[in-house]
Amino acid sequence: MIFVVTPETVVGRRTLDTTYVPRKLLSLGAMVYPRGRWFSKLFWRIVFEKSLTRYVIALIPFPLMMLARPDWALALSQAPLAMFGFVLIIETYVLTVSDRDKRRALASETEIARAMDLFRSRARMVLARVAAARGMTRGELHLVIEQSGLVRVPQLTFVSVQMGGESPRFLELDAAERAMLAETLFDAELTEQQLQLASLAQNKLEWSVSFDPAAVSAHERLAAMARARG
């Protein structure tokens, strides 16, 4: 699931206030939820990313067993270590790949190199289009990708364009730019899962690509003008 993070798409614009870029959100546990999409699949997936939510879900079997077998209630209530162990197993062996060697085996060196090359080239393409559409000639743009490290659940990917300089900020993107961002970065050739596996193999789930708007060619600026007129 791709969530393009901009001041227009999140609940509470002030949550994106920053004094530096690139700023991370997902890996730091920032509470960022989609505006106007309460109780959507994306909303619940972000809720599931919070560790407290997963702990509560993992412990649900214990009160259910107490209800089904009242005679077990006392024994279950006095078994905090069993509860802790159950949560640890779910987190360590079911939802994540904690072993470093197993992580490295998720993607070969060739697959990692291919995924990263595709991502970086597409990120620069997106940033060039954004800069051209705005007529930007100075500053520094950053395309920031953050992915969840959880496996065996729907993938979650935060994507944002951040502006550096004297007033660092998350760039405001219109609906067309947000759609272009999601459609350009990922497709059948490079999926969210392929990038996640390549990232897990490197033990890094956050990536940032910087771009100087001065590098936008005249052809790209003309193409942006044509798209705007169209």
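The values are calculated or read from the model by the stated rules, or taken from the named source; none is laboratory data. Treat the numbers as computed from the prediction; the structure is a model and nothing was measured. Because the Cβ atoms are built from the backbone with ideal geometry, glycine has one as well, and the counts that use them run over all protein chains shown. Accessible surface areas use protein heavy atoms only, side chains included; no ligands, DNA or RNA. Shrake-Rupley method; radii C 1.70, N 1.55, O 1.52, S 1.80 Å.
Within the stretch 9-22, residues that are under 15 Å from Glu140 (Cα atoms) and part of a loop (DSSP other than H, G, I, E, B) have Cβ atoms under 9 Å from residues that are of a type in the set (S, T, N, Q) and open to solvent by less than 50 Å² (accessible area, probe 1.4 Å) in these pairs: Val21/Gln162; Pro22/Ser160; Pro22/Gln162, counting only partners at least 6 apart in sequence or on another chain. Annotation: Leu81 fulfils all but one of (1) more than 23 Å from Val153 (Cβ to Cβ); (2) open to solvent by less than 80 Å² (accessible area, probe 1.4 Å); the unmet one is (2). For Tyr33, the requirement of being surrounded by fewer than 16 Cβ atoms within 10 Å (Cβ to Cβ), out of contact with any Cys (no Cβ under 6 Å at 6 or more places or on another chain) and under 30 Å from Trp207 (Cβ atoms) is not met.
For beta carbons closer than 7 Å, sequence separation of 6+ or different chains, a first residue in the stretch 63-75 that is within 17 Å of Phe86 (Cβ to Cβ) and a second that is in a helix (DSSP H, G or I) and open to solvent by 90 Å² or more (accessible area, probe 1.4 Å), the qualifying pairs are Met65/Trp72; Met66/Trp72. Across the stretch 23-47, what is the total count of residues that are assigned to a loop (DSSP other than H, G, I, E, B) and either without any contact (Cβ under 8 Å) to a residue 24 or more places away in the chain or not aliphatic (A, V, I, L, M) (or both)? Residues that pass the stated criteria total 12. When you scan the stretch 133-152, do you find a residue that is closer than 15 Å to Leu195 by Cα and among the acidic types (Asp, Glu), even just one? Within the stretch 133-152 (the criterion being closer than 15 Å to Leu195 by Cα and among the acidic types (Asp, Glu)), the answer is yes, since at least one residue qualifies.
Just one of Arg100, Arg152 is open to solvent by 40 Å² or more (accessible area, probe 1.4 Å), at pLDDT below 95 and within 17 Å of the chain's Cα centre (by Cα); which is it? Break it down stepwise before answering.
Working: Arg100 fails: within 17 Å of the chain's Cα centre (by Cα).
Every option except Arg152 fails the conditions.
Let me confirm something: among Leu95, Leu42, Leu26, which residue is within 23 Å of Ser199 (Cβ to Cβ), touching a Leu at 6+ places or on another chain (Cβ under 9 Å) and at pLDDT below 90? That would be Leu26, the only listed residue that is within 23 Å of Ser199 (Cβ to Cβ), touching a Leu at 6+ places or on another chain (Cβ under 9 Å) and at pLDDT below 90.
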